[in-house]
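Single-structure report; data block below.
The values are calculated or read from the model by the stated rules, or taken from the named source; none is laboratory data. Everything numeric here is computed off the predicted structure, so don't read it as measured data. Quick reminder, even Gly has a Cβ in these numbers, built from the backbone with ideal geometry, and neighbours come from all protein chains shown.
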Amino acid sequence: MGAELPEYYFRVKENGAVVFKVDTENRQRRIEMNQIAVVNVNNGQIKPQGDRTLGEDELEVIRDWMTERTATLARRTVDDIHRAIDHLNLTTQWAQSKATDAQLEEFTDELLLAMHDLRTVLVRKKADRLSRGTDAAE
């Protein structure tokens, strides 16, 4: 490993991460990762590991990571929505041009219900924005 390792490593998990302090300054010159905390980006909790007390510098690194992670997840969500639109368009083209009756029968009702549910939510949210006069700002 030619590059210098970061001081902290965040093992991402579904709702946050497990935070490790990386140590290479030991007699065996091995990489040691000592768990120092568990973080939850959904509720902002930072739980120190065991009896450990986190220093202000450690808390700052963790909070910075949480801010970055939240922004990354938000960008991914928007990207996923754009992909969903593409998939809907591709599905429409496939259903119109290539799908057999048996294939359409397999998922039509489920897809129609999901699309109806989505449409209902989108129309309600759009109406809420229009009634507040905020549609153009978003």
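Out of all the residues in segment 42-70, which are aliphatic (A, V, I, L, M) and assigned to a helix (DSSP H, G or I)? Leu59, Val61, Ile62, Met66, listed by residue number. You will find that of Glu105, Glu110, Glu138, the residue that is exposed (fewer than 12 other Cβ atoms within 10 Å of the Cβ) and either modelled with pLDDT under 95 or among the aromatic types (Phe, Trp, Tyr) (or both) is Glu138 and no other. When Thr100, Thr67 are checked against the criterion of being closer than 21 Å to Glu7 by Cβ, modelled with pLDDT of 95 or more and out of contact with any Asp or Glu (no Cβ under 8 Å at 6 or more places or on another chain), Thr67 stands alone in meeting it. Of all the criteria given as (1) under 22 Å from the mean Cα position of the chain (by Cα); (2) at pLDDT 95 or above, the one not satisfied by Glu14 is (2). Once segment 91-102 is narrowed to residues that are of a type outside the set (Ser, Thr, Tyr) and surrounded by 10 or more Cβ atoms within 10 Å (Cβ to Cβ), the residue that is farthest from Ile81 (Cα to Cα) is Ala99.
Any residue in segment 20-41 that is part of a helix (DSSP H, G or I), of a type in the set (Phe, Trp, Tyr) and free of Cβ contacts under 8 Å to residues at least 60 places away in the same chain? Within segment 20-41, not a single residue is part of a helix (DSSP H, G or I), of a type in the set (Phe, Trp, Tyr) and free of Cβ contacts under 8 Å to residues at least 60 places away in the same chain. Here segment 48-64 is the region considered, the condition is being of a type in the set (D, E, K, R) and surrounded by fewer than 13 Cβ atoms within 10 Å (Cβ to Cβ), and the residue that is modelled with the lowest pLDDT is Asp51. Considering every residue within segment 71-78, establish whether at least one is part of a helix (DSSP H, G or I) and modelled with pLDDT under 95. No, that holds for no residue.
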